[in-house]
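Below: one structure, written as structure tokens.
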Amino acid sequence: MNFEAIRLDREGAIAVITVDRPEKRNALNTVVRREILTALDNLRNDSDARVVVFTGAGDRAFIAGADIDEFADRTVDEQRKAMSGRRVFDQIANFPKPTIAMINGYALGGGCELALACDIRIAADSAKLGQPEINLAIIPGGGGTQRLTRLCGSGQAMRLILSGEIIDAAEAMRIGLVDLTFSAEDLRGRTLEFAGRIAEKSPIALEMAKAAIQSAQEMPLSDGMRRETELFLTCFASDHKTEGISAFLEKRQPRFGTQ
């Protein structure tokens with residue numbers, strides 16, 4: 001499939017979606033958002049794709065934010081329409097397969113929000129992250145106020161969103177915004193190695209585990225425990241459970257199909 005503003009590449013069972021607008025520091029525009037949605041639709045039922053990694057072209061920016069040129073002349077009604085329908089960050093957050101943000105540079109505004117929508121965030125030690133929308137007299141509108149608060153706590157969310165402060169990868173790691181950091185030179189190799197270890201697991205178990213963890217953010221504990229039991233039993237009823245236990249007892253690597 002041909003895209004204008006992104007690339008979709010395969011590294012074995014890993015699909016890599018690269019926002020490819022280096023001249024704009026990979027800023028998100030309507031075309032990028034539409035093409036990411038198309039790529040996710042294609043990957044959803046692709047049994048050969050087990051993990052999806054997001055990154056940006058070049059070494060300066062992951063995604064440096066939304067394309068401000070699109071905001072300049074929009075009315076409130078036009079912006080409301082642009083924010084309705086299928087929203088790309090929500091589609092990433094709710095994607096059934098594991099998603100990883102490989103943050104290779106600036107992840108600001110909408111770029112930080114895309115990273116927040118991913119399951120795991122891995123950054124180059126030279127990366128910079130933040131929600132600087134307040135400097136434009138607006139606020140994050142792609143889930144930043146909600147996901148950043150849930151991930152890092154209300155104090156850190158207030159700090160970053162109200163000040164517009166941009167922080168480095170070490171600080172992002174300290175507050176829980178980033179999960180792993182590597183040198184810029186090692187980022188791609190180490191991220192794909194990590195993604196590959198995930199891709200070896202049962203696709204059914206991965207989907208159920210992701211759903212269970214998301215329940216912990218969205219439900220009271222008692223409801224989340226019931227949800228976990230249901231998802232555990234879904235795994236237990238699958239052929240993958242039989243294969244996983246057999247492989248363990250036989251001291252061999254499991255061989256998981258798609259079902």
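Rule-based calculations on the coordinates, nothing more; no lab input. Just so you know, these numbers come straight off a predicted model, no measurement behind them. As a convention, Cβ positions derive from the backbone with ideal geometry for all residues, glycine included, and neighbour counts pool all protein chains shown.
Worth a mention:
- Cα centroid separation, the stretch 127-173 to the stretch 211-259 (Å): 34 Å
- Fraction of C-alpha pairs exceeding 24 angstrom in the stretch 119-259: 51 percent, rounded to a whole number.
- Angle in degrees between helix 221-236 and the longest Cα principal axis of the chain, rounded to the nearest 10: 50 degrees
- Among Arg80, Arg34, Arg197, residue whose mean-square fluctuation peaks in a GNM of the chain (springs only between Cα atoms under 10 Å): Arg80
- A Gaussian network model of the chain, with springs between Cα atoms under 10 Å, assigns the largest mean-square fluctuation among Gly244, Gly56, Gly85 to Gly85.
- Net charge dipole size for the stretch 203-249 [Lys, Arg +1 and Asp, Glu -1 on Cβ; Debye, nearest 20]: 60 debye
- Global geometry of the stretch 45-102, whether rounded, prolate or oblate, following the gyration tensor of its Cα atoms and the 1.5 cut on a/c: oblate
- Helix 30-44 axis, angle to the chain major axis (alpha carbon atoms, nearest 10°): 0 degrees
- Angle in degrees between helix 187-199 and the longest Cα principal axis of the chain, rounded to the nearest 10: 40 degrees
- Semi-axis lengths (Å, descending) of the ellipsoid that matches the C-alpha gyration tensor of the chain: 32, 21, 19
- Cα gyration tensor shape for the stretch 3-79, rounded if a/c is under 1.5, else prolate or oblate: oblate
- Proximal aspartates and glutamates to Lys241, defined as alpha-carbon separation beneath 18 angstrom and excluding residues fewer than eight positions away on the same chain: Glu200, Glu207, Glu228, Glu230, Glu250
- Rg(Cα)/(2.2 N^0.38 Å) for the stretch 203-249, N = residue count: 1.26
- Full extension of the segment from Met158 to Glu185, taken as 0.36 nm per residue of separation minus the current Cα-Cα distance, would add 6.5 nm.
- With a cut-off of 15 Å on the backbone N, the residues of the stretch 190-219 near the modelled label site 7 Å out from Met225 along Cα-Cβ are 216, 219.
- Violating pairs (Cα-Cα greater than 29 angstrom) within the set Lys24/Lys201; Lys24/Lys210; Lys81/Lys128; Lys81/Lys201; Lys210/Lys251: Lys24/Lys201; Lys24/Lys210; Lys81/Lys128; Lys81/Lys201
- Rounded, prolate or oblate (a/c below 1.5 giving rounded, otherwise prolate when a/b exceeds b/c) for the stretch 82-184 by Cα gyration tensor: oblate
- Taking each DSSP H run with n ≥ 4 as -39500 (n - 2.57) and averaging over every residue of the chain yields -14000 deg cm²/dmol at 222 nm.
- Taking the charge dipole of the stretch 1-152 about its Cα centre, with +1 at Lys and Arg Cβ atoms and -1 at Asp and Glu Cβ atoms, the residue from Gly58, Thr149, Gln131 reaching farthest to the positive side is Thr149.
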